[in-house]
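The values are calculated or read from the model by the stated rules, or taken from the named source; none is laboratory data. Keep in mind it's a predicted model, so treat the numbers as computed, not measured. Heads up, the Cβs are rebuilt from the backbone with ideal geometry, glycines too, and the neighbour counts pull from every protein chain shown. Protein only, heavy atoms only, side chains kept; ligands, DNA and RNA dropped before computing areas. Shrake-Rupley method; radii C 1.70, N 1.55, O 1.52, S 1.80 Å.
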Amino acid sequence: MLDKLLGGAQRLSLWMTWLGGTLIVFSAFLITLEVFLRRVFNISLGGADEISGYAFGVATALALSFALFERAHIRVDALLGAIPKALHPFINLFGLVLLTGFALVIVVMVCGMVADTLANGSRSITPMRVPLAIPQIPWLLGWMFFVGSGVLIALTAIRQYFRGDLAAVQDLIGVKSLDEQIEDETV
């Protein structure tokens, strides 16, 4: 059951990343159009920068889980070489728990912010007057999915550890080896 959930979450994270990438590409086209219209026709669409900012924030949140599954978040691994290999799973799990815990704090705080936004009908202070819940809700959902993915990965890693499958633990939460990175790039 846990493996099915983990596989489904990993596939969903890929789709969410594609959606986020689409938002970024849309923003690039919008800004390019804005620059072109200003330069050639001296007119402005208005709000291209605002929409792009929202798109960037949402795209980033949507891609957090994929980066977690790919072990692509920034890590400080300088001390791992000085620590016995038997302790690496514990250190990696500790790092994952800290990262997931930090994201959980963000989710709790953002839930309060979105609740206030919805209760007050808050809008941006720009000429577009965008209801702030529109970008905040997908941003929150991205963070929530990140926390859920972190919990799933941690539970799976713990289960694999108790089964004695340290290679599976390494594949889930360990430092990505140079060989794995090269293999990913050639696929």
- [ ] Give the relative contact order (percent, whole number) for the chain; include only Cα pairs under 8 Å separated by 6+ residues.
- [x] 28
- [ ] Highest first, please rank the peptides 55-66, 129-140 by the mean number of other Cβ atoms sitting within 10 Å of their residues.
- [x] 55-66, 129-140
TODO: First compute the accessible area of the chain with a 1.4 Å probe, then give the percent of it belonging to carbon and sulfur atoms.
DONE: 72
Open item on the list: Can you give me the C-alpha center-to-center distance between the range 1-49 and the range 117-157, rounded to a whole angstrom?
Closed with: 16
Task: Integer Hz, Karplus 6.51/-1.76/1.60 couplings in order for the range 129-145, x for Gly and Pro - done: 6, 5, x, 5, 5, 4, x, 5, 5, x, 5, 4, 4, x, 5, 5, 5
Open item on the list: Among 29-35, 67-73, how do they line up by average Cβ neighbours within 10 Å per residue, starting with the highest?
Closed with: 67-73, 29-35
Task: ARG123 long-range amide H proximity, modeled H, under 5 Å - done: LEU132
Open item on the list: In whole Hz and in residue order, list the ³J(HN,Hα) couplings for the range 117-125 that follow from phi through the Karplus curve 6.51 cos²θ - 1.76 cosθ + 1.60, θ = phi - 60°; x for Gly and Pro.
Closed with: 4, 5, 5, 9, x, 4, 10, 5, 8
Open item on the list: Could you tell me which residue out of GLY57, PHE36, SER13 lies farthest along the dipole of the range 8-88 toward its positive end? Charges go on the beta carbon: Lys and Arg +1, Asp and Glu -1, centred on the Cα centre.
Closed with: SER13
Open item on the list: Placing unit charges on C-beta atoms (Lys and Arg positive, Asp and Glu negative, everything else neutral), compute the dipole magnitude of the chain about its Cα centre in debye, rounded to 20.
Closed with: 420
Open item on the list: Run the numbers for ILE91 and LEU19: contour at 0.36 nm per residue of separation, minus the present Cα-Cα distance, in nm.
Closed with: 22.7 nm
Open item on the list: How much accessible area per residue does the range 33-187 have, counting only protein heavy atoms and a probe of 1.4 Å, in square angstrom?
Closed with: 62
Task: Packing-based ranking, highest mean first, of 18-26, 119-127 given that Cβ atoms within 10 Å are counted - done: 18-26, 119-127
